[in-house]
Amino acid sequence: MSPTGRSAPDRGDRAFLFALVLVALLPRLYVAIAWSREPVWDGHYYHFGAERIAAGLGYSEDVWVNGALEWKPWVHYPVGYSALLGGIYRIFGTSLLVAPLLNVLLGVLATALTFWIARRGLDATRARVAGSLVALHPGLIAQSALVMTELLTAMLLALLGLIAVSSVEYRKRAALFGLALGAAALVRPSSLLVLPLLVLARPEGFRRAISGLVLAGTVALLVIAPWTLRNCARLDGCALVSTNGGWNLAIGAITETGRFRVLRAEDGCPVVTGQVQQDRCWAKVGVSKILEAPGRWLARAPLKLAETFNHESFPIEYLHEANPKSWPEERRVAGRGLLTLYHRLLLVVAALGAVAWPFSKGRGSVVQGVLLAVVVALALFGFTNDAHPFYLLAVFVPLAAWLPWPGRPESSPATRFAVGLVLVTLLTHVIFFGEDRYHLVISPLLCLLAAAALRPEHRVHREAHARPAAASPAEPSFVPSAPVPTPAGEVTPQ
């Protein structure tokens, strides 16, 4: 048994993982080949940036200045996805199939990683449910045909989760977490907000927690540093990763709908001289708008979260934009309906990941029964209300998981990381703005929470027995390995 009180990964797990990879691979491969077209929207810029990198021109474009073409460095979009894609273009060419095939690999990796994370905190059956939910997730499958960052971000967040829940030596775990965090930040800078989940997943003493966070944060910054130095040398000022942070903050402060809107000169930055200066100007606009009316800014939080969690339509809209003839209105509506239904049902069951099985003799069974009723009520309200406020279920998850409700479900590093990731996503899009594609990056961990629904009540006495075993070298690391017996016990945007 592992120190989480569950069996270590065995041959059955590896056989299931092989089948899971095939189940995840086949529909993604079909979608990537049959549905991919010329990249549109942000995908156009990611593809163009990757082509420039593959051609040895760096992350840049050519602009006309006084009748002559001049090389101009890019920094508005984060470089990570285009850099990865550019390296692959350099090897395999810039065919429009290359990026979708990369997405297939990323989607399969996210599926496998979610299974291994779940196996660290759930029993074999629940872990297999988690992996299967990711493998069959229609939104993640459709995303395979899109030249967008969501699948790479989702895979990196799953990798961060696997490192965070692993039992490797603490300093090594912190260093590995920092490496993955730096890579994730180069793809989506808001990923840096995931740093505290390193210690949330596996709580340490205060000093060890602080030292681990410092080490992980330092390693992440070292990963980012070469790109930051390039920006300082090439641009009109220093930018950590990209220059869309101030832009996104201003949008979040100005938007009336909670979603993206194009900023114009009359919004506050009529004259700009460079990319960094422009971003700083928009950051000042955003901060001033927030301080001018903080209540009004906070009042828009439900709108932003509604745009993020209430539905799932971006993959279909992207595909329609790229190939309107293949997506007539009837098929378009049906596609959005399928993706949205799966996402909403997933949110409902994921919310139950913070609720214990209430039909027991535990002292908190009544409270857990009430929480179960709350989830059912929120689900019914979401399906019947014209606004479909399913974001309330996402808000429910950290509240139910972390408030001291009697009879809470048993805790594990895997579920703590997943709940923490939901909270980070909520906070990120309260600060900035919402779009439904932003929830896709945490959909694999929502699948894990769904598989964890209605776990048994947590029992504190088990945790006390587990602490000596947590440091056992026999515990399997985050890299799958053969089963080794250990003492029984349990431990709990761009």
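Each reported figure results from applying straightforward, stated rules to the coordinates on display, with no laboratory input. Not measured: the values here are computed from a predicted model. Methodologically, a virtual Cβ is constructed for each residue, glycine included, from the backbone with ideal geometry; neighbour enumeration extends over all protein chains shown.
Can you sort 223, 366, 187 by how many other beta carbons sit within 10 Å, fewest first?
By the 10 Å Cβ count, ascending, the order reads 366, 223, 187.
How large is ³J(HN,Hα), in whole Hz, for each residue of the stretch 273-280 in order, when computed from phi with the Karplus curve 6.51 cos²θ - 1.76 cosθ + 1.60 and θ = phi - 60°, using x for Gly and Pro?
These are the phi-based 3J(HN,Hα) values: 10, x, 5, 5, 4, 4, 5, 5 Hz.
Across all directions of projection, what mean area in square nanometres is found for the Cα convex hull of the stretch 1-105? Present the calculation step by step, with values, prior to reporting the outcome.
Numbers: hull surface 41.8 nm².
Mean orientational projected area (the stretch 1-105, Cα hull): 10.5 nm².
Under 17 Å from the Cα of residue 304, which lysines turn up, not counting those fewer than eight places away in the same chain?
289
How large is ³J(HN,Hα), in whole Hz, for each residue of the stretch 160-175 in order, when computed from phi with the Karplus curve 6.51 cos²θ - 1.76 cosθ + 1.60 and θ = phi - 60°, using x for Gly and Pro?
Along the stretch 160-175, the couplings run 4, x, 5, 5, 4, 8, 6, 10, 5, 3, 4, 5, 5, 4, 5, 5 Hz.
Volume per residue, Å³, of the convex hull around the alpha-carbon atoms of the stretch 201-329?
On the way: hull volume 28.3 nm³, N = 129.
Normalising the Cα hull of the stretch 201-329 by residue number yields 219 Å³.
Per DSSP helix of 4 or more residues, -39500 (n - 2.57); summed, then divided by the residues of the chain. What does that give at 222 nm, rounded to the nearest 500?
-20000 deg cm²/dmol
Can you tell me, using C-alpha contacts under 8 Å and at least 6 residues apart, the relative contact order of the stretch 11-470 as a whole percent?
Over the stretch 11-470, the number comes to 19 percent.
Note the full-extension length gain between residue 44 and residue 232 as 0.36 nm times their separation in residues minus their Cα-Cα distance, in nm to one decimal.
On the way: separation 188, 0.36 × 188 = 67.68 nm, distance 2.58 nm.
That pair, residue 44 and residue 232, stretches by 65.1 nm at full extension.
Which of the lysines could a cross-linker bridge to residue 172, judged by Cα under 24 Å and excluding same-chain residues fewer than eight apart?
Partners found: none.
Convert each backbone phi in the stretch 196-212 into a coupling constant with the Karplus relation 6.51 cos²θ - 1.76 cosθ + 1.60 (shift: θ = phi - 60°), then list the ³J(HN,Hα) values in order as whole Hz, x for Gly and Pro.
x, 5, 4, 8, 5, 5, 10, x, 10, x, 4, 5, 5, 5, 5, 5, x
For 31, 40, which order do you get if you count the other beta carbons within 10 Å of each Cβ and list the fewest first?
Result, fewest neighbours first: 40, 31.
Kindly put 297, 227 in sequence by how many other C-beta atoms sit within 10 Å of each C-beta, fewest to most.
Placing the least packed residue first, the sequence is 297, 227.
Can you give me the distance in nm between label points at residue 22 and residue 403, each placed 7 Å from the Cα along the Cα-to-Cβ direction?
Spacing of the two 7 Å Cα→Cβ label points: 4.7 nm.
On a full-extension model of 0.36 nm per residue, what is the gain between residue 381 and residue 257, subtracting their alpha-carbon distance, rounded to one decimal in nm? Mind showing how you got there, number by number?
On the way: separation 124, 0.36 × 124 = 44.64 nm, distance 2.14 nm.
So the extension gain works out to 42.5 nm.
Just grab the label-to-label distance for residue 288 and residue 65, each label 7 Å out from Cα along the Cβ direction, in nm (one decimal).
2.9 nm
Using the Cα centre of the chain as the reference point, and only Cβ charges (+1 on K/R, -1 on D/E), how large is the resulting charge dipole? Debye, rounded to the nearest 20.
Value, rounded to 20: 1260 debye.
Please list the three semi-axes, largest first and in whole Å, of the ellipsoid equivalent to the stretch 108-199, using sqrt of 5 times the eigenvalues of its alpha carbon gyration tensor.
Calculated on Cα positions only, the semi-axes equal 22, 20, 8 Å.
What FRET efficiency, computed as 1/(1 + (r/R0)^6) with R0 = 25 Å and r the Cβ-Cβ distance, is obtained for residue 30 and residue 329, rounded to the nearest 0.05?
Efficiency for this residue pair is about 0.60.
Tell me which residues come under 5 Å, amide H to amide H, from residue 407 once H is placed; ignore anything under 5 positions away on its chain.
Result for residue 407 returns 364.
Could you give the length gained on full extension between residue 15 and residue 210, defined as 0.36 nm per residue of separation minus the Cα-Cα distance, in nm?
Numbers: separation 195, 0.36 × 195 = 70.20 nm, distance 3.93 nm.
Between residue 15 and residue 210, full extension yields 66.3 nm more.
For the chain, which cysteines have no second Cys with its Cβ under 4.7 Å from theirs?
Lone cysteines by the Cβ rule: 447.
In terms of Cα to Cα distance under 12 Å, which aspartates and glutamates are near enough to residue 72, apart from those fewer than 8 places away along the same chain?
In chain and number order, the partners are 61, 62, 236.
Under the √(5λ) rule applied to the eigenvalues of the Cα gyration tensor, what semi-axes describe the equivalent ellipsoid of the stretch 334-468? Give them in Å, descending.
Numbers: eigenvalues 148, 61, 30 Å².
They are 27, 18, 12 Å, listed largest first.
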